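The values are calculated or read from the model by the stated rules, or taken from the named source; none is laboratory data. Quick caveat: nothing in here was measured; it's all calculated off a predicted structure. Counting neighbours? That spans all protein chains shown, and the Cβs are built from the backbone with ideal geometry, glycine included.
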Amino acid sequence: MITPRPSAAMVATLAIISALLTSSSVSAQDTPTPYDCAKVSVSGNSYDISALKKTYLVKGEATPVYPNKQRVDYIVNPCQAIVVPDGEAKQHCVAGAWVCQDTKVIFDDGEPKTLSLLPIAGTAPAADGVPAREVAPLAVLADKIENVAEVPWNLTLKGGLIKGQDQSAVITFICDTSVTDDNLAPTLTGYQNGVATFSWKHKSACAVHTQLPVQESMSGFSVFLTVFFSFAFIYLVLGAVYNHQVYGAKGLDLLPHKDFWRDFPSLVVDVVHHVWDSVTGRARGGGYVSV
Ligand SMILES: *[C@@H]1O[C@H](CO)[C@@H](O)[C@H](O)[C@H]1NC(C)=O
């Protein structure tokens, strides 16, 4: 009477369940995504600053440095390395810079002249005993500002060790739906201890409201379906095994609780009828009850 089939069915069931579980856990796993200007995620919020994927010139104030004046400008791209036009390498920071500090001397007469170009943030391979530099963009929520609807966020771009000091740029993005001009440069707020700070009021600094909740409820629903069908499958297989082992059932008799499930449709119809009758009966003013 005892055959090896029940254990084979058990093994198959377990294999299917574990396959379902692993496939759902693999798809739920989040993999670290590379920095993407169109999808910057900060504490569950998503930001799209791809409209600002440009080269911005942030002009500094001229300060007197005897016998001339000096001005420190910044060239900034918050999304990628600054694109240097052909043949202009000498007027720009080394390739791979995202934020470039351009110190100029301004003469009373004649063109301003660049004194030094410092890559405040950017990526560069190791060279001449200087270790490799990695821009490693990192976005975090910043401190709330009065009269600003959304909490601002900071984007930190690293520059690595230059002249004995770690260089970096911190851009504070402040949501302002009234600023839609993509050509408006950020504002320099300071340069201290190798950190250049900027603030950037723009519409793109506002969180993107995606359809994420819908996707989440869909995945919740698919989890429910998976669990439901897994249980239904286990119920059928174990019930069939039990009926086979205990009663030696064959064919349709293998179905667990066969009598109950055979009566189930008429049971449902009965219940629906009952509900229908009471609802429509009440709608007609309960005329049947008084008979
Ligand atoms: C964000 O940047 C501003 C300006 O540099 C700084 O004062 C603030 O501490 C930063 N906040 C965070 C949380 O990094």
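Kindly establish whether residue 254 is in contact (Cβ under 8 Å) with a residue 12 or more places away in the chain, over 30 Å from residue 102 (Cβ atoms) and either away from the ligand (no atom under 16 Å from the Cβ) or surrounded by fewer than 12 Cβ atoms within 10 Å (Cβ to Cβ) (or both). Against the criterion (in contact (Cβ under 8 Å) with a residue 12 or more places away in the chain, over 30 Å from residue 102 (Cβ atoms) and either away from the ligand (no atom under 16 Å from the Cβ) or surrounded by fewer than 12 Cβ atoms within 10 Å (Cβ to Cβ) (or both)), residue 254 qualifies.
The strands (runs of 3 or more DSSP E) found entirely in region 17-81 that carry 1 or more residues being at pLDDT 95 or above and in contact with a Pro (Cβ under 7 Å, 6 or more places away or on another chain) are 56-58, 68-76.
For region 124-157, a tally of residues being in a loop (DSSP other than H, G, I, E, B) and of a type in the set (Lys, Arg) returns 1. Taken over region 147-192, the criterion of being basic (Lys, Arg) and surrounded by 13 or more Cβ atoms within 10 Å (Cβ to Cβ) is satisfied by 158 alone.
The sole residue among 190, 160 that is outside any loop (DSSP other than H, G, I, E, B), on the phi > 0 side of the Ramachandran plot and away from the ligand (no atom under 11 Å from the Cβ) is 160.
Table: residues versus (1) at pLDDT 90 or above; (2) over 46 Å from the mean Cα position of the chain (by Cα); (3) of a type in the set (Val, Ile, Thr).
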site	(1), (2), (3)
205	yes, no, no
236	yes, no, no
253	no, yes, no
266	yes, yes, no
270	yes, yes, no
273	yes, yes, no
281	no, yes, no
289	no, yes, yes
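Of all residue pairs spaced 6 or more apart or on separate chains, those with beta-carbon atoms under 7 Å, a first member in region 172-185 that is in the same structural domain as residue 201 (by TED's automatic domain parsing) and a second member that is among the small types (Gly, Ala, Ser) and away from the ligand (no atom under 16 Å from the Cβ) are 175/149; 182/51. Within region 163-187, restricting attention to residues that are assigned to a strand (DSSP E or B) and away from the ligand (no atom under 11 Å from the Cβ), the residue that is nearest to the chain's Cα centre (by Cα) is 175.
Within the option set 111, 134, being away from the ligand (no atom under 16 Å from the Cβ) and in contact with a Ser or Thr (Cβ under 6 Å, 6 or more places away or on another chain) holds for one residue only, 134.
Would you check if residue 156 is hydroxyl-bearing (Ser, Thr, Tyr) and under 21 Å from the mean Cα position of the chain (by Cα)? In short, yes.
Taking (1) farther than 18 Å from residue 40 by Cβ; (2) within 16 Å of the ligand (Cβ to nearest atom); (3) among the acidic types (Asp, Glu) in turn, residue 150 satisfies each apart from (1). Residues that are under 31 Å from the mean Cα position of the chain (by Cα), more than 24 Å from residue 33 (Cα to Cα), surrounded by 10 or more Cβ atoms within 10 Å (Cβ to Cβ) and not aromatic (Phe, Trp, Tyr) occur at least once in region 136-146. For region 100-108, indicate whether the set of residues that are modelled with pLDDT of 95 or more, within 16 Å of the ligand (Cβ to nearest atom) and not polar (S, T, N, Q) is non-empty. Checking region 100-108: not a single residue is modelled with pLDDT of 95 or more, within 16 Å of the ligand (Cβ to nearest atom) and not polar (S, T, N, Q).
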